[in-house]
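Below is one structure; the comments refer to it alone.
The values are calculated or read from the model by the stated rules, or taken from the named source; none is laboratory data. Quantities reported herein were computed from a predicted structural model and do not represent experimental measurements. Using ideal geometry, Cβ is built from the backbone for each residue, glycine included, and neighbour counts are taken over all protein chains shown.
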Amino acid sequence: MLAALCMTVVPARAEKADRDKPVQVESDRMEYDDAKRISTFIGRVVLTKGTIVIRADRMVVREDAEGFQYGRAEGKPASFRQKREALDEHIEGFGLEIDYDGKAETVVLTSNASLRRLERERVLDEVHGARITYQSAAEFYTVEGRAPGATGNDRVRMVIQPRRASGTDSPAGAASPGTAPATGAAPGKPAKPASGTAPSPASPPAVLRPAESLGAPPATR
């Protein structure tokens, strides 16, 4: 089952200023291929771009000739978070894989995926599926109940909390009876790093500037 949801039903206006912010990445280890303009980050990876935050165990970031960045994050689970413009709300998503497209301003959450809207860390609405494509610029997302080519009767699940009399969202939690969170990570909390990963000394994050070439690669440890 595939569901397409416009943000007029579940409003989620993303922070517009994020598109002009540089990408910064922190990790325990980094590998850089200058010829292919590909950076690989391993261990407690945190990518930030304005209010966008992606956390993962491993992430590959590629930059095209125009300077746009594309990233694939993997984790157990990996997480995505972005602030809504002019509101004290965030959009938060989880999946075993997250693909970020800086040019199209889309995020694709795959495998046990979930997307939720938060107000001061309270879950207002949430949706679960095998694959969720979130288009922040268009304020629109689609949800697939099962992965392409997969068989079975998996379906999309969505919970929309009722409104208060004043018209604001209810503070109730998102999960309804029989609807368990799609991940083991608590809302707003990063996934724990894999066991055996030793912390590394603090160092300045890698910074990828929009529409600019990457500088010389840092030394690989």
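Could you list, in sequence order, all residues of the stretch 135-162 that are part of a strand (DSSP E or B) and of a type in the set (S, T, N, Q)?
Hits for the stretch 135-162 are Gln135, Thr142.
Name the strands (runs of 3 or more DSSP E) wholly inside the stretch 49-134 in which the number of residues that are of a type in the set (Lys, Arg) is 1 or more.
Hits in the stretch 49-134: 52-63, 69-83, 106-119.
Anything in the stretch 33-77 that is more than 25 Å from Leu115 (Cα to Cα) and either modelled with pLDDT of 95 or more or touching a helix residue (DSSP H, G or I) at 6+ places or on another chain (Cβ under 8 Å) (or both)? List them, or say none.
Listed by number, the residues that qualify are Asp33, Ile38, Ser39, Thr40.
Can you tell which of Gln135, Gln69 is surrounded by 23 or more Cβ atoms within 10 Å (Cβ to Cβ) and in contact (Cβ under 8 Å) with a residue 12 or more places away in the chain?
So the residue among Gln135, Gln69 that is surrounded by 23 or more Cβ atoms within 10 Å (Cβ to Cβ) and in contact (Cβ under 8 Å) with a residue 12 or more places away in the chain is Gln69.
Being surrounded by fewer than 18 Cβ atoms within 10 Å (Cβ to Cβ), of a type outside the set (Asp, Glu) and out of contact with any helix residue (DSSP H, G or I) (no Cβ under 7 Å at 6 or more places or on another chain), is that true of even one residue in the stretch 78-86?
yes
Taking the stretch 39-66, which residues are β-branched (Val, Ile, Thr) and touching a residue at least 24 places away in the same chain (Cβ under 8 Å)?
Listed by number, the residues that qualify are Val45, Val46, Thr48, Thr51, Ile52, Val53, Ile54, Val61.
Specify the residue that is nearest to Ala73 (Cα to Cα); the eligible residues are those in the stretch 18-32 that are at pLDDT 95 or above and part of a loop (DSSP other than H, G, I, E, B).
Ser27
Among the residues of the stretch 146-162, what is the count of those that are touching an Asp or Glu at 6+ places or on another chain (Cβ under 6 Å) and either at pLDDT below 75 or under 13 Å from Thr110 (Cβ atoms) (or both)?
The total comes to 1.
I need every pair where a residue in the stretch 151-162 that is under 13 Å from Ala113 (Cβ atoms) has its Cβ under 8 Å from the Cβ of a residue that is modelled with pLDDT under 80 and surrounded by 17 or more Cβ atoms within 10 Å (Cβ to Cβ), sequence separation at least 6 or different chains.
Close Cβ pairs (under 8 Å, with a partner that is modelled with pLDDT under 80 and surrounded by 17 or more Cβ atoms within 10 Å (Cβ to Cβ)) amount to Asp154/Arg146; Met158/Leu5.
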